[in-house]
Amino acid sequence: MAFTRPRVLRRAAAAPLVAGLVLAAACSSGEPVYGPGVTDTPCPGSANTDRGCIYLGVLSDLGGGPFAPLGVSMNDGQVAFWKAVNASGGIGGFDVDITTYSRDTSFDPRVHRSAYHEIEPHVLALAQSLGTGQSIALLNQMDADDMVSVAATQWSGWNYRSADRNLVLSAGYSYCSEAVMGLDWFAENHYAPRNIAVVAYRGNWGGDYASGALKWAVANEATIADRIDTGPNGEVGNQDGPVEEILAAAPDLVMLATGPAETAEIVGKLVKSGFTGRFLGSLPTWNAALLQTPAAPALTALYNYTTPVDSWGGDSLGARHARAAVDAEPANFGYSLGWAISYPLKSLLIAAAEDGELTRPGLRRTITNLKPDGEGMVVVHPTGADAPDLTKEWSVVFEPDKQAPMGAKAISTGYQGPTLARLGIHEPCTRL
């Protein structure tokens, strides 16, 4: 889990780490008081009584929303990641705790915001913020609070400092890149799609994915037959409208940026209605539980999905470390994703501790010029860069398989394709 960082001169006024964290006030016991999220008291339940505690917050769908299976598993991956960090010595004399201030947002923007305000006084940074729209809506407040966060989404704006204000750490490709690389793989391995329909949640996730599909279509002389906005069934009721629109447009490929339940409904109803094309999904469209639905035969025969992270059974160093950190197979792919997106924040905390900058403003300053190592499990662009290097991005392609771990088998790892590098993308594919 190493990282490289250009050596810089420390500020002349910088004090030793502990002294740099001490505020003017002091506890009645005479012990120093640290800034938000950092204490010299050990983490709850920690056996390392000689270490302090860094508290990180989690805002995720942990039970009540459309992405609960993914959110819970991602959180499991992050818990395992930081447990491994603590077991290997912690960060600059501190263990890391991401459970005390973990909150279930149910993927509801209002709950997400209220949960942020609840935990903000107590955490150094956010280990996870699930929901592109939810996270974007908090940027002004995060800016005022100097709150750095790990993105639990792949919106392309997280890779551009003009969009994320040097506050959001990300790992892997964007949804826009995902669509482009996925279409390249599809054209090479199935057929060159000429008439594409895109069904996506309204907002920045769906917009980013749809934008990537459009860019690919323009570059490869294909047509976007229909762009259909939808939402979770809990919001819109069902997917009958998108199904009707797709049947009317008669595409040869349907691309999906929806939740798993909506994916199963759309695929199942289309195939039952006589649709003979194929389906390509963004990472959040899949859950192994879909193999227990009536849509399972259609999904197994006609659907692929892509991810930015080496699979559970992958050969990368990161995948091996992630497997070694737990005793049993995870519930779904979210575990590997949660592990992988944690690399940038670990690198940031190490660098900030080395520079005596283990405070919120210090983390934000330290973001610049970090080069986190994703251990071959995921591409991590240099933090603080103006834009990502799209030539470095790659994807993993899966197909449903009841016999494979978590119900899906990786059939292509490290895939790049020819289109992304020649698109000349210099800004987020969708804006705020």
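Here is a yes/no grid of residues against (1) in the same structural domain as T285 (by TED's automatic domain parsing); (2) over 26 Å from L302 (Cβ atoms); (3) of a type in the set (D, E):
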site: N140; (1), (2), (3): no, yes, no
site: G157; (1), (2), (3): no, yes, no
site: R161; (1), (2), (3): no, yes, no
site: N166; (1), (2), (3): no, yes, no
site: F186; (1), (2), (3): yes, no, no
site: G203; (1), (2), (3): yes, yes, no
site: A219; (1), (2), (3): yes, no, no
site: P232; (1), (2), (3): yes, no, no
site: N238; (1), (2), (3): yes, no, no
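Taking the listed residues V180, V198, the one that is in the same structural domain as I411 (by TED's automatic domain parsing) and under 26 Å from S273 (Cα atoms) is V198, with no other qualifying. Whether any residue in segment 49-67 is assigned to a loop (DSSP other than H, G, I, E, B), over 25 Å from the mean Cα position of the chain (by Cα) and of a type in the set (D, E, K, R) is what I want to check. Yes, some residue in segment 49-67 is assigned to a loop (DSSP other than H, G, I, E, B), over 25 Å from the mean Cα position of the chain (by Cα) and of a type in the set (D, E, K, R). Is there any pair with a first residue in segment 168-180 that is over 16 Å from K346 (Cα atoms) and a second that is among the charged types (D, E, K, R) whose Cβ atoms are under 7 Å apart and which are 6 or more apart or on different chains, and what are they? Pairs that qualify, where the first residue is over 16 Å from K346 (Cα atoms) and the partner is among the charged types (D, E, K, R), are Y173/E393; S174/D208; Y175/D208; C176/D208; S177/E393; V180/K215. Within segment 220-243, the residues that satisfy the criterion of being assigned to a helix (DSSP H, G or I) and either within 18 Å of Y209 (Cβ to Cβ) or not polar (S, T, N, Q) (or both) are G234, E235, V236, D240, G241, P242, V243. Quick check, is A289 closer than 30 Å to A187 by Cα, outside any loop (DSSP other than H, G, I, E, B), touching a helix residue (DSSP H, G or I) at 6+ places or on another chain (Cβ under 8 Å) and modelled with pLDDT under 95? It is true that A289 is closer than 30 Å to A187 by Cα, outside any loop (DSSP other than H, G, I, E, B), touching a helix residue (DSSP H, G or I) at 6+ places or on another chain (Cβ under 8 Å) and modelled with pLDDT under 95. Under the condition of being closer than 20 Å to A249 by Cα and part of a loop (DSSP other than H, G, I, E, B), the residues counted in segment 193-219 number 3. Counting residues in segment 70-85 that are part of a loop (DSSP other than H, G, I, E, B), among the polar types (S, T, N, Q) and closer than 22 Å to D145 by Cβ gives zero.
Candidates in segment 311-325 are the residues that are surrounded by 16 or more Cβ atoms within 10 Å (Cβ to Cβ) and among the hydrophobic types (A, V, I, L, M, F, W, C); of these, the one that is farthest from V180 (Cα to Cα) is A325. Taken residue by residue, segment 30-42 has no member that is closer than 30 Å to P232 by Cβ, modelled with pLDDT of 95 or more and either in contact with a helix residue (DSSP H, G or I) (Cβ under 7 Å, 6 or more places away or on another chain) or β-branched (V, I, T) (or both).
With respect to the stated conditions, I246 is part of a helix (DSSP H, G or I) and more than 21 Å from the chain's Cα centre (by Cα). Under the condition of being more than 26 Å from C176 (Cα to Cα) and in contact (Cβ under 8 Å) with a residue 24 or more places away in the chain, the residues counted in segment 285-296 number 6. For first residues located in segment 405-426 and assigned to a strand (DSSP E or B), partners that are of a type in the set (D, E, K, R) and surrounded by 19 or more Cβ atoms within 10 Å (Cβ to Cβ) and lie 6+ apart or on another chain with Cβ distances below 9 Å form the pairs A410/D310; T413/D310; G414/D310; Y415/D184.
Let's see how each residue does on (1) surrounded by fewer than 21 Cβ atoms within 10 Å (Cβ to Cβ); (2) within 24 Å of S336 (Cβ to Cβ); (3) among the hydrophobic types (A, V, I, L, M, F, W, C):
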{"site": "T223", "(1), (2), (3)": "yes, no, no"}
{"site": "R227", "(1), (2), (3)": "yes, no, no"}
{"site": "D240", "(1), (2), (3)": "yes, no, no"}
{"site": "T258", "(1), (2), (3)": "no, yes, no"}
{"site": "N287", "(1), (2), (3)": "no, yes, no"}
{"site": "L290", "(1), (2), (3)": "no, yes, yes"}
{"site": "A296", "(1), (2), (3)": "yes, yes, yes"}
{"site": "A301", "(1), (2), (3)": "yes, no, yes"}
{"site": "V309", "(1), (2), (3)": "no, yes, yes"}
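With segment 331-404 as the region, which helices (runs of 4 or more DSSP H) entirely inside it contain at least 3 residues that are charged (D, E, K, R), in the same structural domain as V150 (by TED's automatic domain parsing) and surrounded by 24 or more Cβ atoms within 10 Å (Cβ to Cβ)? Helices (runs of 4 or more DSSP H) meeting the threshold: none at all.
Taken together, the residues in segment 264-286 that are part of a helix (DSSP H, G or I) and touching a helix residue (DSSP H, G or I) at 6+ places or on another chain (Cβ under 7 Å) amount to 9.
The values are calculated or read from the model by the stated rules, or taken from the named source; none is laboratory data. Note that the structure is a prediction, hence the values are computed from the model and not measured. Ideal geometry is used to build each Cβ from the backbone, glycine not excepted, and the neighbour counts take in all protein chains shown.
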